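Written out below as structure tokens is the structure these notes cover.
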Protein chains: 2
Amino acid sequence: MYKINTNYQKLPGSYLFSTIAKKVNAYTAAHPDKQIIRLGIGDVTQPIAPAIIEAMHKAVDEMGRAETFHGYAPDLGYEFLRSAIVEHDYKTRGCDIAADEIFVSDGAKSDSANIQELFAQDNRIAVCDPVYPVYVDSNVMAGRTGTYDPATEMWSDVIYMPCTMENGFVPQLPKETPDLIYLCLPNNPTGTTITKDQLQTWVDYANRVGAVIIYDAAYEAYISEQDVAHSIYECEGAKTCAIELKSFSKNAGFTGVRLGYAVVPKELKCGDVSLHDMWARRHGTKFNGAPYIVQRAGEAVYSEAGRAQLKEQVAYYMENAGAIKNGLKEAGYTVFGGVNAPYIWLKTPENMTSWDFFDYLLENANVVGTPGAGFGPSGEGYFRLTAFGSRENTLAALARIRKL
Amino acid sequence: MYKINTNYQKLPGSYLFSTIAKKVNAYTAAHPDKQIIRLGIGDVTQPIAPAIIEAMHKAVDEMGRAETFHGYAPDLGYEFLRSAIVEHDYKTRGCDIAADEIFVSDGAKSDSANIQELFAQDNRIAVCDPVYPVYVDSNVMAGRTGTYDPATEMWSDVIYMPCTMENGFVPQLPKETPDLIYLCLPNNPTGTTITKDQLQTWVDYANRVGAVIIYDAAYEAYISEQDVAHSIYECEGAKTCAIELKSFSKNAGFTGVRLGYAVVPKELKCGDVSLHDMWARRHGTKFNGAPYIVQRAGEAVYSEAGRAQLKEQVAYYMENAGAIKNGLKEAGYTVFGGVNAPYIWLKTPENMTSWDFFDYLLENANVVGTPGAGFGPSGEGYFRLTAFGSRENTLAALARIRKL
């Protein structure tokens, strides 16, 4: 008789955003007349930029003619996309990354969930707390996190690095030595980040203790401050200790288009074993490439017209962020983030739990946000609002919250 | 110091098709004047059908306007696609599958590699031999296959079910009891299949011994014989023991478009634990949906125009299959397949090894095929040609082989 992977049984509840969707659906079913504004899940609302739409139409046409049809893509992704990535995301920042160190994927969520497969089961992970839930959940499924304590909402074998008001949301080097360190910077959900000098400390630490940093740079395009690194490879020594994950979801609105990439430098080795070769093997065996049309869309992100249009899109969302941040401040809320990331992280008023505040906002303002506790125990007492709504909805939601 | 997943080190050589690509690249670099014809990898060559191209253009336009833009897709896939699948792939065949038992994915390769994650590490897998390499390789990476013996090219903990001339390519119930049984029918690479009655035997066996069948139906659209099942759910009792995987790559030419789906029936349970719920959790945590544009393309596969156009495409490839099969027979080769699948499986002449025949064909006819040994030890002495080329290339390759 077959047996299941019992690690799945250890997962408490469902994936955060599925839980939220269920709660919102239940509320709207009971109150069909209410107009809900969703500033919860980090989904974008602006349409795909014209330069990218044009590139996709062209690619669709190519797929319709035998002489320009594209079947299976190269394992790593098309050269045209990998070269554009290297040119614009790395060379311009002085990072020496080669095109064959880029692995094109169907998105950073898949990559951030799959990357743990390269490592031994008894490796210990360290995560910022709060953080994007996929890092921990994918390691739970792999049996790497020990036992769950419902009282503390913590896993026995996970090293938590609290990021709270008290430490300015800057993760501190952990007391126990981790094997894998997940850093999402600028951070989801807090919208805060650290300076390049602070990041260098992490790179030096990882090289010293023999840890790998999984660096999720999904929100890189929103960085506005000069002393913040756009890529971990801006730090010296990062190529021997870091894997970088990038998404096209937030900088180009690809949440429904699906494209991302991982950088696994050839210098990243565990003894003689190249992690680059391992990831290449995984990519070749368990994945079959992102769609040709989508890879052409990715290429257009880096075209002159594409870059100009996306700069405007990012600015649009950051104006939303500024409006929410200032509006909530004026209303007496304590707020963070919104400077280098499109997320506003607020202290819940009157020490409400974050799920209580979720219900309160949903019921009284018909606004959906994300409870901080969903991102880890240190997220309790905080709440995330995203700047990815339309201007109209963002301002309407803000007005409703201020009226409470 | 972090450690790697040492199971990766156990994999011998690289993924089959990567190896072939390297060999072909080396040959063409050395002989730039030679015109290579590729009948190796199962990649299609006919362009995407007009009805699907039209649907993709429409979806691209929707993505370019705020009011019709689509962000994150629902976890399981869009309702419009899941309903079309249920209607055309199941209801018409008398299979009672619900739309929420369909999980839309980026392709059957990913699904067939990922599905093993649901099961315990000490479960034993059984595979047809020869077969699509991903089933075994993904289980090697998960540490489920024991040790590899280079002499026999077999894994100690894998149950091999030889499918050869001697047993008419019909897998026999294994002597040792497996937990997971991978069946790819019609089979890749042999192009042969079994009858519905024979498949019923497997369903009954799996229910009796408590095994799960992973049923890969990627080539279902090529079935021409009446007594062959198009879905395993045509067999009684399959919903309590089988997961079905489907691809859009072969029936609709989506190798570069990327779309597939898995059916995990709600009745499939290990004790109290629903495998449907487990797969839903995996999908929600480690995957973020197939692109909206691609899901609309999938919907068009089932439209009236789409179905008519794809029927012609399948017929085109099957005429290629007939031409190769008859031509090789006339030239004295012993050939199989090509009736319910677009693959021709031939005995190598004069007892050549399959890799020797690969080199021989590449060098003397400049035709690329796939060595049978690459699909498992019982593939030794056989060779696969695909019918997915253009008519012109197919006939030219055939003429070259006949001249040898």
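For segment B:58-117, a residue qualifies if it is within 12 Å of chain A (Cβ to nearest Cβ) and over 25 Å from residue A:15 (Cα atoms), and the qualifying residues are B:58, B:59, B:60, B:61, B:62, B:63, B:64, B:65, B:66, B:67, B:68. Among the residues of segment A:1-19, those identified as of a type in the set (S, T, N, Q) and in a helix (DSSP H, G or I) are A:7, A:9, A:18, A:19. In summary, strands (runs of 3 or more DSSP E) completely within segment B:97-194 and bearing 3 or more residues that are at pLDDT 95 or above and more than 30 Å from residue B:81 (Cα to Cα) occur at B:125-129, B:158-162. Filtered by the rule that a residue be of a type outside the set (Gly, Ala, Ser), within 14 Å of another protein chain (Cβ to nearest Cβ) and in contact with a helix residue (DSSP H, G or I) (Cβ under 8 Å, 6 or more places away or on another chain), segment A:126-167 gives A:132, A:133, A:134, A:135, A:137, A:139, A:140, A:141, A:144, A:145.
Here residue A:344 fulfils each of the conditions (1) more than 9 Å from chain B (Cβ to nearest Cβ); (2) outside any helix (DSSP H, G or I); (3) more than 30 Å from residue A:211 (Cβ to Cβ); (4) out of contact with any strand residue (DSSP E or B) (no Cβ under 6 Å at 6 or more places or on another chain) apart from (4). Hey, residue B:19 hits all of (1) away from chain A (no Cβ under 13 Å); (2) among the hydroxyl-bearing types (Ser, Thr, Tyr); (3) farther than 21 Å from residue B:218 by Cα; (4) in contact (Cβ under 8 Å) with a residue 60 or more places away in the chain but one; which does it fall short on? Of everything listed in (1) away from chain A (no Cβ under 13 Å); (2) among the hydroxyl-bearing types (Ser, Thr, Tyr); (3) farther than 21 Å from residue B:218 by Cα; (4) in contact (Cβ under 8 Å) with a residue 60 or more places away in the chain, residue B:19 misses just condition (1). Confirm whether residue B:362 is aliphatic (A, V, I, L, M), free of Cβ contacts under 8 Å to residues at least 60 places away in the same chain and surrounded by fewer than 24 Cβ atoms within 10 Å (Cβ to Cβ). Answer is no for this residue. As a summary of the residue check, residue B:74 satisfies the conditions (1) surrounded by 19 or more Cβ atoms within 10 Å (Cβ to Cβ); (2) at pLDDT below 95 except for the one numbered (1). Somewhere in segment A:348-359, is a residue in contact with a helix residue (DSSP H, G or I) (Cβ under 6 Å, 6 or more places away or on another chain), touching a residue at least 40 places away in the same chain (Cβ under 8 Å) and surrounded by 17 or more Cβ atoms within 10 Å (Cβ to Cβ)? No, because not a single residue in segment A:348-359 is in contact with a helix residue (DSSP H, G or I) (Cβ under 6 Å, 6 or more places away or on another chain), touching a residue at least 40 places away in the same chain (Cβ under 8 Å) and surrounded by 17 or more Cβ atoms within 10 Å (Cβ to Cβ). Applying the condition of being surrounded by fewer than 18 Cβ atoms within 10 Å (Cβ to Cβ) and either hydroxyl-bearing (Ser, Thr, Tyr) or free of Cβ contacts under 8 Å to residues at least 12 places away in the same chain (or both) to segment B:1-16 and asking which residue is farthest from the other protein chains (Cβ to nearest Cβ) yields B:13. Residue pairs whose Cβ atoms lie under 6 Å apart, sitting 6 or more positions apart in sequence or on different chains, and linking a residue in segment A:162-190 that is touching a residue at least 12 places away in the same chain (Cβ under 8 Å) to a partner that is outside any loop (DSSP other than H, G, I, E, B) and charged (D, E, K, R), are A:162/A:129; A:184/A:216; A:189/A:384. Taken over segment A:57-83, residues that are in a helix (DSSP H, G or I) and either among the small types (Gly, Ala, Ser) or in contact with a helix residue (DSSP H, G or I) (Cβ under 6 Å, 6 or more places away or on another chain) (or both) amount to 10.
Kindly indicate whether any position in segment A:36-49 is more than 11 Å from every other protein chain (Cβ to nearest Cβ) and more than 24 Å from the chain's Cα centre (by Cα).
Step one: of segment A:36-49, the residues more than 11 Å from every other protein chain (Cβ to nearest Cβ) are A:36-37, A:39-40.
Adding the requirement that they be more than 24 Å from the chain's Cα centre (by Cα) leaves A:36.
Yes - at least one qualifying residue is present in segment A:36-49.
The values are calculated or read from the model by the stated rules, or taken from the named source; none is laboratory data. Only a predicted model underlies this, so the values are computations on that prediction, with no experimental measurement involved. Every residue, glycine among them, receives a Cβ derived from its backbone with ideal geometry; neighbour counts consider all protein chains shown.
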